[in-house]
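The values are calculated or read from the model by the stated rules, or taken from the named source; none is laboratory data. All of these numbers come straight from a predicted model, not from anything done at the bench. Because the Cβ atoms are built from the backbone with ideal geometry, glycine has one as well, and the counts that use them run over all protein chains shown.
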Amino acid sequence: MSLPETGPSPLLLDRRRLDDAALEQTLLSDRHTLRQAWQRLGDAPPGRRSSCLVRKRLAASQARFLARQARLPKIEVDTLLPIAAHADEIIRLIQKERVIVLAGETGSGKTTQLPKLCSRPVVVWPA
């Protein structure tokens, strides 16, 4: 039984553990369940029915993840506002620091553009 290709292949770095890159392309709500199911398989042969079911669930979660990613609206900062010139620096500070204080003139885009900067998809690795 072959699975349809949906983005990154759920290849394994180790037979006992799912590839982290494959899990990053799944819904967060499915990750724990998928990891647990894979661990329960142990050393089961790849052609076994339970192994195929886990791979199907992995592929289905990846497909839902990619579909959601495709539906995300494109976020654009208004380049006419002064805050746009500092957008990359502001994003870097938000990722790095727990608290930042941002001050600017009235009409500089603090109220309208900061939420856009905060909602950009970013990968934050735990320290």
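Consider the stretch 94-108 and keep the residues that are β-branched (Val, Ile, Thr) and part of a loop (DSSP other than H, G, I, E, B). The one that is nearest to residue 77 (Cα to Cα) is 106.
All of (1) of a type in the set (A, V, I, L, M); (2) over 19 Å from the mean Cα position of the chain (by Cα); (3) surrounded by 11 or more Cβ atoms within 10 Å (Cβ to Cβ) hold for residue 66 with one exception: (2).
For every residue, the table says whether it meets (1) closer than 15 Å to residue 19 by Cα; (2) not assigned by TED's automatic domain parsing to the domain that holds residue 110.
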{"residue": "35", "(1), (2)": "yes, yes"}
{"residue": "39", "(1), (2)": "yes, yes"}
{"residue": "49", "(1), (2)": "no, yes"}
{"residue": "61", "(1), (2)": "yes, yes"}
{"residue": "64", "(1), (2)": "no, yes"}
{"residue": "80", "(1), (2)": "no, no"}
{"residue": "86", "(1), (2)": "no, no"}
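Among the residues of the stretch 94-112, just one is surrounded by 14 or more Cβ atoms within 10 Å (Cβ to Cβ) and modelled with pLDDT under 90, namely 94.
Select from the stretch 79-93 the residues that are part of a helix (DSSP H, G or I) and in contact with a helix residue (DSSP H, G or I) (Cβ under 8 Å, 6 or more places away or on another chain) and write down the one among them that is surrounded by the most Cβ atoms within 10 Å (Cβ to Cβ). Filtering first and then ranking leaves 83. Would you call residue 76 at pLDDT 80 or above and not in a helix (DSSP H, G or I)? Yes. Applying the condition of being surrounded by 15 or more Cβ atoms within 10 Å (Cβ to Cβ) and under 13 Å from residue 55 (Cα atoms) to the stretch 10-30 and asking which residue is modelled with the lowest pLDDT yields 10.
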